[in-house]
């Protein structure tokens, strides 16, 4: 095995790629992790060195596609390195496809249930979907290029059906990359709309508070003026004075509220 291939197999951080070397190929792929995996990156890497009659794989975290590929090997469906790499590519894309579709469905649900969840909860969910879409696309886009390059490689251990399966997986990666880009753009627009909606709600609440304050401001002035502890306040000793002041305040409040309604302040 070339020294460069050995170093690439043992590297801690990798990106999907396909590098053709003297008598083999180095292939790095990314797929969903196993159900019990709680690592950092959303997609787990598997590094493959393939040559005639031999494949060496290295993975630091469990890959969800490993179990179905092993089942295919036990059933005798994998006979050469090309079959093995094609099986990994197919299983990875088949597992990723519904996950990518679920991101778009999640955005649809948020948009349809906005009034139920409220802007704050919806904005949090949109941010999560956008972060997931960005994390997926960072690896799926180069994975498409790696699969396309491998399908066109001049390798004797790649049969025509292997190339066909690799190209099919590359096409699905291309479609998923386009869908992830659409999800990223939609989530950015949805986040902006939710921010505008939140700002509009806050502005409306501030407007209502301002209107209430403007209604009570002259009433507060009037009651404060009549409440001064000095002589000479008109009708201070009349039995109807209190209710007279209440009536005047109610009339003033109704007049101010009517003026606000007539000038369409609340619209």
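The values are calculated or read from the model by the stated rules, or taken from the named source; none is laboratory data. Every value quoted in this text rests on a predicted model; they were computed, and no experiment measured them. All Cβ positions, glycine included, derive from the backbone under ideal geometry; neighbour counts span all protein chains shown.
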**Prompt:** Does at least one position in the range 50-62 carry a residue that is buried (at least 19 other Cβ atoms within 10 Å of the Cβ), in contact with a helix residue (DSSP H, G or I) (Cβ under 9 Å, 6 or more places away or on another chain) and closer than 16 Å to residue 143 by Cα?
**Reply:** no
**Asked** Can you find a residue in the range 26-43 that is in a helix (DSSP H, G or I), without any contact (Cβ under 8 Å) to a residue 60 or more places away in the chain and either more than 25 Å from residue 152 (Cα to Cα) or not assigned by TED's automatic domain parsing to the domain that holds residue 165 (or both)?
**Response** no
**Prompt:** Which of the following residues is free of Cβ contacts under 8 Å to residues at least 24 places away in the same chain, over 19 Å from the mean Cα position of the chain (by Cα) and either surrounded by 12 or more Cβ atoms within 10 Å (Cβ to Cβ) or not in a helix (DSSP H, G or I) (or both): 247, 224, 232?
**Reply:** 232
**Fill in**
Across (1) crowded, with 16+ Cβ neighbours inside 10 Å; (2) in a helix (DSSP H, G or I), residue 97 clears everything bar (1)
**Item:** Candidate set: the range 131-140, residues that are touching a helix residue (DSSP H, G or I) at 6+ places or on another chain (Cβ under 9 Å) and buried (at least 18 other Cβ atoms within 10 Å of the Cβ); chosen: the one farthest from residue 186 (Cα to Cα)
**Value:** 140
**Request:** Go through the residues of the range 122-132 one by one and say whether even a single one is over 23 Å from residue 176 (Cα atoms), touching a residue at least 12 places away in the same chain (Cβ under 8 Å) and in the same structural domain as residue 156 (by TED's automatic domain parsing).
**Result:** yes
**Prompt:** Of all residues in the range 44-71, which are under 20 Å from residue 157 (Cβ atoms), in contact with a strand residue (DSSP E or B) (Cβ under 9 Å, 6 or more places away or on another chain) and assigned to a loop (DSSP other than H, G, I, E, B)?
**Reply:** 52
**Asked** Just to be sure, is residue 207 more than 20 Å from residue 138 (Cβ to Cβ), within 34 Å of the chain's Cα centre (by Cα) and at pLDDT below 85?
**Response** yes
**Request:** Determine which member of the set 146, 188, 174, 170 is farther than 20 Å from residue 27 by Cβ and in a helix (DSSP H, G or I).
**Result:** 188
**Message:** Against the conditions (1) surrounded by 13 or more Cβ atoms within 10 Å (Cβ to Cβ); (2) farther than 17 Å from residue 166 by Cα; (3) at pLDDT 90 or above, where does residue 47 fall short? Just the number, please.
**Reply:** (2)
